[in-house]
1. Which of the residues spanning the range 37-75 are outside any strand (DSSP E or B) and in contact with a Lys or Arg (Cβ under 9 Å, 6 or more places away or on another chain)?
2. Considering only the range 1-51, how many residues are surrounded by 12 or more Cβ atoms within 10 Å (Cβ to Cβ), at positive phi and free of Cβ contacts under 8 Å to residues at least 24 places away in the same chain?
3. Could you please give the count of residues in the range 60-82 that are of a type in the set (A, V, I, L, M) and crowded, with 17+ Cβ neighbours inside 10 Å?
4. Of all residues in the range 32-57 being under 18 Å from residue 78 (Cβ atoms) and of a type in the set (Val, Ile, Thr), which is nearest to the chain's Cα centre (by Cα)?
Amino acid sequence: MNKFMMQQAHKLQARLAQTQEEMSNLTIEASSGGGAVKITINGQQKIQSVKISPEVINPEDVELLEDLVLTAVSEAITKSQEVAAEHLGGLTGGLKIPGLT
């Protein structure tokens, strides 16, 4: 690798580290059941909190609550992936780099 390519690689590495730090500080919220279940996740797809409204806690219908939680978590992850793709897309110039997008 020539000196220019090494410098570019170091710049990209530094920008990637900065972007990853920014992603860990992002907060993304998703909900289901009209807000009955709320999930907060960061940009690195780590769940920060789960809030469940008491109205949807019914021992007779556990499947409904399970579905609401699953839906909210799935939505949160999808939103997080979209935000990550936006941030990393600019960084990689649209290249699909495995593990980054």
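We did not get these values from a lab; they are worked out from the coordinates using the rules stated. Because the structure is a prediction, the values reported are computed rather than measured. Note that we place each Cβ from the backbone using ideal geometry, even for glycine, and neighbour counts take in every protein chain shown.
1. If we filter the range 37-75 for residues that are outside any strand (DSSP E or B), which is where we start, we get 43-46, 53-75.
Correct list: 53, 72.
2. Of the residues in that region, 0 qualify.
3. The first filter runs over the range 60-82 and keeps only residues of a type in the set (A, V, I, L, M), leaving 62, 64-65, 68-70, 72-73, 76-77.
Imposing the further condition that a residue be crowded, with 17+ Cβ neighbours inside 10 Å reduces the set to 65, 68-69, 72-73, 76.
Qualifying residue count, the range 60-82: 6.
4. Only one residue tops the list, namely 41.
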